[in-house]
Amino acid sequence: MRPEVSEEDGARLFEPLRTVDVPASDGVSVQRAITAGKREKALRVVAAGVFVLIVAGVVPLLLRPSEQPRPAAGSFDPLVRTISVEAAGGFEPEMYLTGRERQEIVLRPEQNGDQAAGVTVHAPGRIGVPRGERMPDVNGKRALWTDSHLAFEWAPGAWATVTVEGFRDNRDRALQIARSVRFGEGLQMLIPFTVQTSWTLAGTRETSRDVELVFTNGVRLALRAGVGYAVGDVPRAELEAVEKSVRPADPPVTNPFR
């Protein structure tokens, strides 16, 4: 994009050109014409140089981003849990969910009540820098409070969020939970069954009782009393077909597809 030069700048840059002598109409001076030509050429070079300086100064300002560019979008292995959390802020982990774009932790209150909390960790580059009020750092990295949750940077260009509901001090509890999250667990999921299907795996749901497979069509598949059990908004015939293909695995396997 060519930067615009104001009328004031143009007048200042080219004012010297107006002082060049012009030969009178009743005669021509060759020497004066040569001298004037050289002077005009020199002034054009100077003006061009100033114009280049203006461009050099303006273009970087036009192209400089308002924030660091978002890194290339990353992803998680849906059969590997990369995060965990300790009991903190009056909550403890209840369910872990893996996925390709994010991994989540559902928390339950340590004492019975209507309170709720959760952690969502987005893969690098999946969301931009949130807008919000600056909060104390989390593990040495920046944190922000939005209208409803705490957002903190868990890796360069990668963000996680913590939501807490039901307390007067939701912010403080969210900070406690955020500081208890552990990354890089690399825990390979152990699935107690195998299945034969063409459906694409979206992630897993892990509780203290069992592990479910979750597919991109929304179907959840688990092993109940040694038998496959599937739920989802697909034709019943398809659910029954995948249930019949389930085989218990003892010991559990890291790759449940056969």
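Specify whether the C-alpha gyration tensor of the range 117-157 places it in the rounded, prolate or oblate class, a ≥ b ≥ c being the square roots of the eigenvalues: rounded for a/c under 1.5, otherwise prolate if a/b is larger than b/c and oblate if not. Write down the numbers at each step before the final one.
Numbers: a/c = 1.38, a/b = 1.17, b/c = 1.18.
Cα axes put the range 117-157 in the rounded bin.
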How much length is gained if the chain between THR200 and ARG182 is pulled fully straight, taking 0.36 nm per residue apart and subtracting their Cα-Cα distance, in nm to one decimal?
3.7 nm
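Under unit Cβ charges (Lys, Arg +1; Asp, Glu -1), what dipole magnitude, rounded to 20 debye, does the range 80-187 have relative to its Cα centre?
For the range 80-187, the charge dipole is close to 400 debye.
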Once the piece of chain linking GLU101 and ALA116 is laid out straight, how much longer is it, given 0.36 nm per residue of separation minus the C-alpha distance between them?
3.1 nm
When a/c reaches 1.5 or more, the comparison of a/b and b/c decides; with that in mind, is the range 80-187 rounded, prolate or oblate per its Cα gyration tensor?
oblate
Pair ASP250, ASP137: separation of 7 Å Cα→Cβ label points (nm):
5.2 nm
Row for the range 144-258, column shape: gyration tensor on C-alpha, a ≥ b ≥ c, rounded if a/c < 1.5 i.e. under 1.5, prolate if a/b over b/c, else oblate; value prolate
Cβ-based charge dipole, the range 70-163, positive-most Cα from VAL80, GLY90, ALA158:
ALA158
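For the range 164-258, which chymotrypsin sites (Phe, Trp or Tyr not before Pro) are in a loop by DSSP, counting at most 16 other Cβ atoms within 10 Å?
Values: sites: PHE167, PHE183, PHE193, TRP199, PHE215, TYR229, PHE257; in loops: PHE167, TRP199.
Those satisfying the criteria are PHE167.
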Amide H of GLU92 versus every other amide H placed in the peptide plane: which residues, excluding those fewer than 5 positions away on the same chain, fall under 5 Å?
ARG108, GLU110
Return the sequence-ordered ³J(HN,Hα) values of the range 182-192 in whole Hz as given by the Karplus equation 6.51 cos²θ - 1.76 cosθ + 1.60 applied to θ = phi - 60°, using x for Gly and Pro.
10, 10, x, 4, x, 7, 5, 5, 9, 9, x
Subtracting the Cα-Cα distance from 0.36 nm times the residue separation, let me have the gained length for THR207 to ARG220 in nm, one decimal.
3.3 nm
Can you give the FRET efficiency to the nearest 0.05 for VAL129 and ALA237, using r as the Cβ-Cβ distance and R₀ = 51 Å?
0.65
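Just so you know, all these numbers are worked out from the coordinates, no wet-lab data involved. A quick note: this is a predicted structure, and the numbers were derived from the prediction, not measured. Cβ coordinates were reconstructed from backbone atoms using ideal geometry, including for glycine residues, and neighbour counts include every protein chain displayed.
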